[in-house]
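For reference, the structure is listed below as C-alpha cells.
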Amino acid sequence: MATKRRPIRPQPNMNFRPGGPEVLRSEAKGTRPTAAPTSIREIFVMMIMHVCKKTIFFDTNLKVALYLGSLFLVSLIGDFIPFPKTYFARSDNLFNVYFVKVGWGWTLLFTVPFLFMTSYTLCCGDMKKLLRHHAPRIVIATFFWFFWTKLFNIIETSYGRCTVRSFQTKSSCLKAGHLWSGFDISGHAFILIHSSLVLIEEARPIVKWESIKEHLRNEIHDRSISEQSSTNPLRNLSEEQMKNLKFLYERLTPVIRLLFIGMSALQLLWDVMLVGTMLYYHRMIEKFISGIIAIFTWYFTYRFWYRSSAVLPDPAGSGDFFYQRENKDAFVFKRTNSVTKATTSSGVRSGNGSNTTSPNQIPKFMGMPLYTSPKTGTYNTQISNSNNDTM
C-alpha cells in the first residue's frame, strides 16, 4: 500500500524581520556606539589618577577646620613643650630651601599650564574666553600672595626692635649679627595654606574629565544619524566647537593628567611642610593669624567672588558646556546661558536646591522606566547633568 506523502512546509526564517530597511533604521535609532577596549596602560594611569583625586579632593571644609585647629593646638603645645628635633627643624633642610621658600613659584609652575589647558579645552579653543574668564584667577591669587607677604614684612619691620638699641632698622641689625624682635606673622604658614587651597580649587576641572570622551562619542554619533539628544551637554555646540573640543581633548588630556598628578604631589608636600612649621617655627599667635588670613582669602575669592558675583572671572571648570555632577562643593554657574538651559531641560537641581522635572519624564523604579512612552514606543529616560563630584 503506497504511503501518502505530506507536503513539506517551508520553515520560517527566524532572522527575518518584516518591514524592510525602514523598520531596521527605526529600530537602530537611539543606539549608542560602544567604547574602545581599555589598555593595561590606561588602567594603570586611571588607578594613579584615582589615588591622586582621593588625596587632593579630601573634604575641603574639613581640611580648613583641620588647618585652623592644628595651627592653634599644635602650635600652642610647641610654645610650652618643645617637640623633639628632626630634620625638618633645620631651617636649611632640603624641602625648606628648595620648595617652601619659593613655594608660590612651584604652585604656579603646575597650576598655570593646567588652568590654561583645561580652560582652553572647555572653551572649545576660544582664547578670548580663556583670558577673560579664567586667567584672572591666577592673577588675583598672585596679587593676594604678594600683598599679604609684603604686609607681614612691613608689620615686623615697623613694629619691631633690635636687641641692641643702637640699630634702628632690621637690615642693619641683622647685618651686625644681632636679633630683630618683632611680631613676625608666619609667611610660611600663609604660603603653604594659600597654595594648598589654590591647588585644590584649580584642580577641580579634572573631576569627571573622562566623561567628556563619552559625551563626544555619543554626540558625534547622534549628529551622524541626524538625531539630537536632550541630555548630552555638548548638544548646543556648533560643528566648529565640536571639532576643536575633540582635537584639544585628545591632544591635551595626557599632559593634563600629568600636571594633575604633579599638583596632587605638591599639595601633599605643602601639608607635610605645614606640619613642620607648626612644630618648629614661629609662635602660635603668629601662625594662627596667618592661617586665618589665608583661609579668608580663599573663601572670599573661590567661594564667594567667583561663584556668586556677576563680575568675572568664572569658577574653575566652567566653559561652553557642563559635564560635572553636583555635590556640596559644587560651584554655581550664573553667567553661562547654555548651562542654565541644559540643567533646566534635564530635570536637575536648581540653584535653590529644589528639583525641576521635565513634563515628559516617565516615572522610574530602581532606575528603570515603569512604562513605555506613548509617543515613541520606546523607553524615555532622563539623565541628570552633572556638576562637581570628587570621583
- Using a/c under 1.5 as the rounded threshold, could you call the range 174-281 rounded, prolate or oblate? The axes a ≥ b ≥ c are square roots of the C-alpha gyration tensor eigenvalues, and prolate needs a/b larger than b/c, oblate otherwise. prolate
- With x for Gly and Pro, the residue-by-residue ³J(HN,Hα) of the range 53-66, computed from phi through the Karplus equation 6.51 cos²θ - 1.76 cosθ + 1.60 at θ = phi - 60° and given in whole Hz, is 5, 4, 6, 7, 9, 4, 2, 5, 5, 5, 5, 4, 5, 5
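Could you do me a favour and compute the accessible area per residue for the range 24-180, 1.4 Å probe, result in Å²? Intermediate results must be reported in sequence, preceding the final value.
Numbers: 9970 Å² over 157 residues.
Using a 1.4 Å probe on heavy atoms only, each residue of the range 24-180 averages 63 Å².
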- Collect residues whose amide H, placed 1.01 Å from N in the peptide plane, falls under 5 Å from the amide H of ASP320; neighbours closer than 5 in sequence don't count. CYS123, CYS124
- Task: Pop out the ³J(HN,Hα) list for the range 171-188 in order, Karplus 6.51 cos²θ - 1.76 cosθ + 1.60 with θ = phi - 60°, rounded to Hz; leave Gly and Pro as x.
- Result: 5, 5, 5, 6, 5, 7, x, 9, 9, 9, 9, x, 7, 9, 4, 5, x, 5
- Using θ = phi - 60° and the Karplus curve 6.51 cos²θ - 1.76 cosθ + 1.60, what whole-Hz ³J(HN,Hα) does each residue of the range 138-149 get, with Gly and Pro shown as x? 6, 4, 5, 4, 5, 4, 5, 4, 5, 4, 5, 5
- FRET efficiency (ARG251, LYS101; Cβ distance; R0 25 Å; to 0.05) is 0.10
- Taking 169-176, 35-42, 113-120 and ranking on average Cβ neighbours within 10 Å, highest first, one gets 113-120, 169-176, 35-42
- Query: Could you give the distance between the Cα centres of the range 41-73 and the range 225-269, to the whole Å?
  - Reply: 23 Å
- If amide H atoms are built 1.01 Å from N in the plane of the peptide, which residues on other chains or at least 5 residues away come under 5 Å of the amide H of CYS162? SER181
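The values are calculated or read from the model by the stated rules, or taken from the named source; none is laboratory data. Predicted model only: the values in this text are computed from it and were never measured. A quick note on method: Cβ atoms are made from the backbone with ideal geometry, for glycine too, and the neighbour counts reach across all protein chains shown. Keep in mind that these areas ignore ligands, DNA and RNA; they rest on the heavy atoms of the full protein, side chains included. Shrake-Rupley method; radii C 1.70, N 1.55, O 1.52, S 1.80 Å.
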